[in-house]
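Data block below; observations after.
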Amino acid sequence: MHLVLIGDSTLDNRPYTEGGPAVIDHVVKQLGEGSTASLVAVDGDMTRDVERQLETLPPSATHLVLSVGGNDALALSDVLARPAGNVSAALSELADVLDEFEESYRRCLSGVVALSLSTIVCTIYNGAFTDPSEQRVLSTTVRLFNDVIMQCALDAGCSVVDLRRVCTEPTDYWDPIEPNAEGGRKIAFAIVAALESDRASVVVVSPSGGGSAL
């Protein structure tokens, strides 16, 4: 097996580990002898950047993990600060944002699955904001973007790792939106658990960082 990690800082989290192991290090250790993993994910990248990442894919790649969309959501989240006449108008504007995200995400995922390699898709985690009100709003917004990601992934027949069930503690984060070494360890365990499933599934992760597939 040659697993390749594609996407953003959820997988390219070395700058946030304070010298500890990153996601890729944990994955390599979990895969064990006879398998390897490569990282083409880039901190800060968005769905539109995945096409460029795929150009650097190792020829020996056999399995892919895609974790992208959080930066797209952040770029589009200014809609939350816009004034709205009523709830219906606000929802209509948010629907436009989600439609834009879905178009971009489907295009991105189509490029990945066109390679005909086993592919796992990760959702966006909730983060760890200190202000409860801000956390509540962001978690609700993430839920909407994740619905798009999960529908696209399941339409494509990809397994899904729901990172909201993986990075659940403030101690999993370096700052409100970046996973630290502990968060990376949990993400790696969830990815390996998904690899062990031979069918499209949603991976549920235990508090200790292990996982099982439904």
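Throughout, read-outs are computed from the coordinates displayed, never taken from laboratory work. On a predicted model such as this, the values are computed, not experimentally measured, just so you know. A quick note on method: Cβ atoms are made from the backbone with ideal geometry, for glycine too, and the neighbour counts reach across all protein chains shown.
Observations, loosely collected:
- Each residue of region 107-114 is assigned a 3J(HN,Hα), and the resulting list reads 5, 4, 5, 4, x, 6, 6, 5 Hz, derived from the Karplus form 6.51 cos²θ - 1.76 cosθ + 1.60 (θ = phi - 60°), x at Gly and Pro.
- Note on region 2-213: with charges restricted to the Cβ of Lys and Arg (+1) and Asp and Glu (-1), its dipole about the Cα centre is near 480 debye.
- Antiparallel content of DSSP bridges confined to region 2-213, in %, to 5: 20 percent
- Under 5 Å between amide hydrogens, built in the peptide plane, is the criterion, and for residue 118 it picks out 64 among residues at least 5 positions away or on other chains.
- Result for the chain in a Gaussian network model with C-alpha springs under 10 Å: among 91, 138, 39, the largest mean-square fluctuation is at 91.
- Gyration tensor verdict on region 1-61 (Cα atoms; rounded if a/c is under 1.5, prolate if a/b is larger than b/c, oblate otherwise): oblate
- When the helices of the chain are scored as -39500 (n - 2.57) per DSSP H run of n ≥ 4 and the total is divided over every residue, the value at 222 nm lands at -13000 deg cm²/dmol.
- Three-way shape label, region 93-208, alpha-carbon gyration tensor, a/c 1.5: oblate
- Relative contact order [Cα under 8 Å, 6+ residues apart], the chain, whole percent: 23 percent
- Comparing mean-square fluctuations of 32, 70, 20 from a GNM of the chain with C-alpha springs under 10 Å, the top value falls on 32.
- The chain gives an Rg/Rh value of 0.96, both radii derived from C-alpha positions and Rh following Kirkwood.
- Ordering 73, 193, 144 by Cα displacement along the dipole of the chain toward the positive end leaves 193 in first place; charges were set at the Cβ atoms of Lys, Arg (+1) and Asp, Glu (-1).
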